[in-house]
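The values are calculated or read from the model by the stated rules, or taken from the named source; none is laboratory data. Keep in mind that what you see is a predicted model, and the values were worked out from it rather than measured. Cβ sites come from the backbone with ideal geometry, for glycine too, and all protein chains shown count toward neighbours. For accessibility, only protein heavy atoms count, side chains too; no ligands or nucleic acids. Shrake-Rupley method; radii C 1.70, N 1.55, O 1.52, S 1.80 Å.
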Amino acid sequence: MQAENGNKVETLVFRVSEENFDAVLDKAAAIIRSGGTVAFPTETVYGLGADGLNPDAVLKIFEAKERPPGNPLSLLVHSREDLGKVARNIPEKAFRLMDAFWPGPLTIVLEKNDIVPAITSGNLQSIGVRMPDHKIPLELVKRAGTPLAAPSANLSGKPSPSFASHVIADLIDRVDAIIDGGEVIIGLESTVIDMTVEPPALLRPGAVRSGDLEKIIGKVQPGYKDGEARTDAALLEKRAGQKYGHYTPDTKVVLVEGGSKSVPEKIVKLLEIYRNEGQKVGLLLTEETAGLPAFKMLGTYEYFLLGPREEPEVAARKLFEGLRNMDRRGLDIIVADGSFSHSGIGDALINRLREASSVKFVV
Ligand code: TXA
Ligand code: MG
């Protein structure tokens, strides 16, 4: 089991298959029940789970991820019964969202029950809860018999993991077990909606879009805008989550947003400037930009193709792999092509690109 205070622990890595599914899940559930930590795939990103009701177990998540204390974790549940244990005064609108989107990529912030320790909720009186649409975490929660505190399974400040290899790179010898269940399905973290305020506030965009939520519950307010706190919820989230930042590769990321003509033109100009300055540049590109005659020189750069402009779901799945891939190459700058369609998961994709970047051009 995991030693205290960041000491090295031996990490078991399980490659899960149909044949060994039961045995792996039983072992993983036993680790959770004994207060240990297990990383596993979900449909959004890999999560690092521990018994969310056991403060000692939850502390191990903070230590393994080097997550700043006070940043609230969310809980994964397997059933409405689990939900009733951890949350109270659940508004009727929240139940409607569960009916529409659970199991799935939607975290719902609710008033917490006293059974949820302060370390799990970052000292807040509310808690984010999600029922994942993936049989590994669902079975793990069920067999462990407790809701799992489960943030993304990356070191704090790194992109969320979309493959077990990302988890291994960040957390080997820091967690008790890692379940390798292959690539995730969506690739970006869940949508987060705060149902403790009225109108409910969108705290993080994800695969479930603001418009999808509004069809079910009516008006949803943006949780934040242009760095301005708009509501109590926005203030809370600023304190609770956003101030810590996310998705920041070590290499400086320059994002170019805009149209299908203007973005490639701007990127070509930037490349000239950076080359003259002697900067080592890598590129994250749409397939369309990469295929333009002006990008014949692409072979002389490090680059990673995110996918077609009109299929943001492909890029969503590849983004964190792309950021990690570029981050390993000892570059000075990563230039990211932001000419994706905002349809479907496109808004969330652009949100993550913005969060990853420190310089932004809109052209
Ligand atoms: O898709 C996901 O949600 C993944 C997978 C593993 O389930 N998990 C994940 O966890 O992204 P994490 O901890 O990285 O993000 C949870 C988000 C954070 O932005 C956190 O600040 C917010 O939910 N959150 C949790 N409880 C909250 C609360 N009481 N009030 C406001 N925000 C809260
Ligand atoms: Mg995270």
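Some observations on this one:
- Cα-based equivalent ellipsoid, the chain: semi-axes from gyration tensor eigenvalues, Å: 34, 24, 18
- Measuring between their Cα centroids, segment 81-106 and segment 42-62 lie 20 Å from each other.
- Sorted from longest to shortest, the spans of the Cα atoms of segment 262-327 along the three principal axes equal 35, 25, 18 Å.
- Kirkwood hydrodynamic radius (C-alpha pairs) into Stokes-Einstein, segment 11-154, 20 °C and 1.002 mPa s, D in µm²/s: 142 µm²/s
- Centroid-to-centroid separation of segment 113-179 and segment 283-337 [C-alpha atoms, Å]: 29 Å
- Extension gain, Glu66 to Tyr274: 0.36 nm times the residue separation minus the Cα-Cα distance gives 71.5 nm.
- Taking only the Cα atoms of segment 1-80, the radius of gyration and Dmax are 13.1, 40 Å.
- Here, segment 77-147 yields an orientationally averaged convex hull projection of 4.5 nm² when only Cα atoms define the hull.
- Within straight-line cross-link reach of Lys280, lysines at Cα separation under 23 Å, skipping those fewer than 8 residues along the same chain: Lys158, Lys252, Lys266, Lys269, Lys296, Lys318, Lys360
- Largest-first ellipsoid semi-axes for segment 252-362, taking √(5λ) over the Cα gyration tensor eigenvalues, angstrom: 20, 15, 13
- Reachable lysines, given that their alpha-carbon falls under 30 Å from the alpha-carbon of Lys85 and they are not under 8 places away in the same chain: Lys27, Lys60, Lys65, Lys93, Lys112, Lys135, Lys142, Lys215, Lys219, Lys238, Lys243
- Of Ile333, Leu124, Phe95, farthest towards positive along the dipole that unit charges on Lys, Arg, Asp, Glu beta carbons give the chain: Ile333
- In segment 252-362, a dipole from Cβ-located charges (positive for Lys and Arg, negative for Asp and Glu) runs towards its positive end, and of Pro312, Leu270, Ser343 it is Leu270 whose Cα lies farthest in that direction.
- Beta bridge orientation in segment 12-239: antiparallel %, DSSP, nearest 5: 55 percent
- Here the accessible area of the chain is 50 percent carbon and sulfur, with a 1.4 angstrom probe and all protein chains present.
- Within-10-Å neighbourhood charge of Ala169 [Cβ basis; K, R +1; D, E -1]: +2
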